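Below you'll find the structure, written out as structure tokens, and then a few comments.
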Amino acid sequence: MHGQSKSRTETLSEEEIKQRAEKGQQILDSLDYFFKVRKNQVNQPEDQLAFSELMAKLCPEIATIYNYRREVLQTKFDHLGGLLTESKSIDAYKQLVKLIQSEFMLIAILLKQHPKSYTLWTHRQWMVLRSQEIDQLISSINQDNQLKLIEAIKQEYELCSKMLDRDERNFHVWNYRNWLSSICAFGREDEFTKKKIEQNFSNFSAYHFRSKFFMKNYNQPENIIERIKTDKILGLLPLPFDRLKEETELIQQAIYIQPKEHGVYLYHRWLIGVVQPFGVTKVEKISNDSVTLQFNRAVTNVENSFELFNNENALKIINVRVEGNNVIITFEEQQLNNLKVRILNQIYKNGALDTMISEDEFSKFLIPSEIDVTFENEGFKYTNTIQQEFLGAIHDINKYLDENIEFIKQVIEEEKENRFPYIQILYLFQFKLRTQKLIDASKSSEIVKEALEHCDKLKKIQNDHQAQFLFEFWSQF
């Protein structure tokens, strides 16, 4: 889809077709013999490694061949590792290193011919893990530092860089690099992905991997707790706020340069989405044993985020059930006179690691508030008071949203016939609506009105299913 096919298509002569058919039959015969070897229906070849190497070169994408080869390699690793442990044999060490290096070389040669082979990348992962185990063995006996570690990870990052220079969107390589960074943070992924994006603003694979890297490195609860100490409320965001603004400038530049590329808008939308706060906007309904709270967006994992009181007496919560944007809290039945509901952010309050996350694990930013419900003959009324120190952070986020909406409006002025900025602004209005409901819900109608105006403009440009979907979404308000 991006100019790099898995295999080339060629127009062949009759002679070439005949030669390929003969080669195909040879491969089938070889596979038939291999499966007999695998099932021990014939004697094992004298050199099992050489045999499996030949089969791997003939059929580089058949997983059974690599399973067989891994069994042979593991037997040799165990044997040489045992000799190395018992006698610290230099000869055993040299054989072990040579075996590992030759296997990495073989896989590299095959990957050059078949860069999108699942089986080859899986086999290379297995080799990295085995080489790490052998490095641990070497370290345990290497008292005088005579034996050099293999340190395969370093060469793997270099391999990924070279292969991505050949095909910058090969997702096999990106996935492999992502896996490498999960076991050893050696590759400077922030710097690498930024370089790839600046080389080509249309490199959507780099955007995707960059988002994965950010969430993995910044959105861990322990990292958020550490940030709270200095950044206070905004430390709850999955990305440090200053870092977020820097990244936004990068993607805005990309949108200006490539305004017709869908991927740049997706990454921009992802960035805006990660700062979305969660909070209660409405008490939907109430009875003597339950209360239903409506949030500004869908939530999960909020079981430990509530405290309930009736006339200042604590109520025992029996169950917390989530249904989209609504949270239904069931408690012990009794006559309610004055109900108080406290929404807690356990990470901010107690440094608890297991609390609020969104439907896509973007944010731990649950807005603490206190809801007072009083009852009247005709029903009930309530006030929802947001914890004061969180109000400033919400306004900062709202300002950040306004700045990005204004930026997309400028893009629309330059690209009046381009549907992408219209679609983008409609999604940003959705984020704006969520935040506005926490600040002043009475102004929500202004956002809806402007969004519907942009829906009409989008439908004039391209009235497809997405335009219709967005129009129906905003019409419901």
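The values are calculated or read from the model by the stated rules, or taken from the named source; none is laboratory data. All figures in this text were calculated on a predicted structure; none of them were measured in a lab. Here the Cβ is made from the backbone with ideal geometry for all residues, glycine too, and neighbour counts use every protein chain on show. The protein model used for the area step is the full one, side chains on, heavy atoms only, and it has no ligands, DNA or RNA in it. Shrake-Rupley method; radii C 1.70, N 1.55, O 1.52, S 1.80 Å.
Here are the numbers for this structure:
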| item | result |
| --- | --- |
| The listed residue being open to solvent by 70 Å² or more (accessible area, probe 1.4 Å), more than 30 Å from Glu226 (Cβ to Cβ) and modelled with pLDDT of 90 or more, out of Thr383, Thr374 | Thr383 |
| Some residue of segment 392-413 being within 23 Å of Thr281 (Cα to Cα), out of contact with any Phe, Trp or Tyr (no Cβ under 6 Å at 6 or more places or on another chain) and modelled with pLDDT under 90 | yes |
| Identity of the residue in segment 43-76, touching a helix residue (DSSP H, G or I) at 6+ places or on another chain (Cβ under 8 Å), closer than 20 Å to Ile100 by Cβ and among the β-branched types (Val, Ile, Thr), that ends up surrounded by the fewest Cβ atoms within 10 Å (Cβ to Cβ) | Val72 |
| Restricting segment 425-477 to residues that are of a type in the set (Ser, Thr, Tyr) and under 21 Å from Ile272 (Cβ atoms), the residue that is surrounded by the fewest Cβ atoms within 10 Å (Cβ to Cβ) | Ser444 |
| Long-range neighbours under 6 Å by Cβ, at least six apart or interchain, first residue open to solvent by 50 Å² or more (accessible area, probe 1.4 Å) within segment 114-129, second of a type outside the set (Val, Ile, Thr) and at pLDDT below 95 | His114/Pro60 |
| Neighbours by Cβ (under 7 Å, 6+ apart or cross-chain): first from segment 441-452, under 19 Å from Asn384 (Cβ atoms); second not polar (S, T, N, Q) | Ser444/Leu433; Ser444/Lys437 |
| When residues of segment 289-304 are limited to those that are part of a loop (DSSP other than H, G, I, E, B) and at pLDDT 90 or above, the one most open to solvent (accessible area, probe 1.4 Å) | Asp289 |
| Leu271 vs. criteria part of a helix (DSSP H, G or I) and either in contact with a Ser or Thr (Cβ under 7 Å, 6 or more places away or on another chain) or on the phi > 0 side of the Ramachandran plot (or both) | yes |
| Helices (runs of 4 or more DSSP H) wholly inside segment 167-258 that include at least 1 residues being open to solvent by 40 Å² or more (accessible area, probe 1.4 Å) and within 26 Å of Tyr400 (Cα to Cα) | 189-199, 204-218, 221-231, 241-257 |
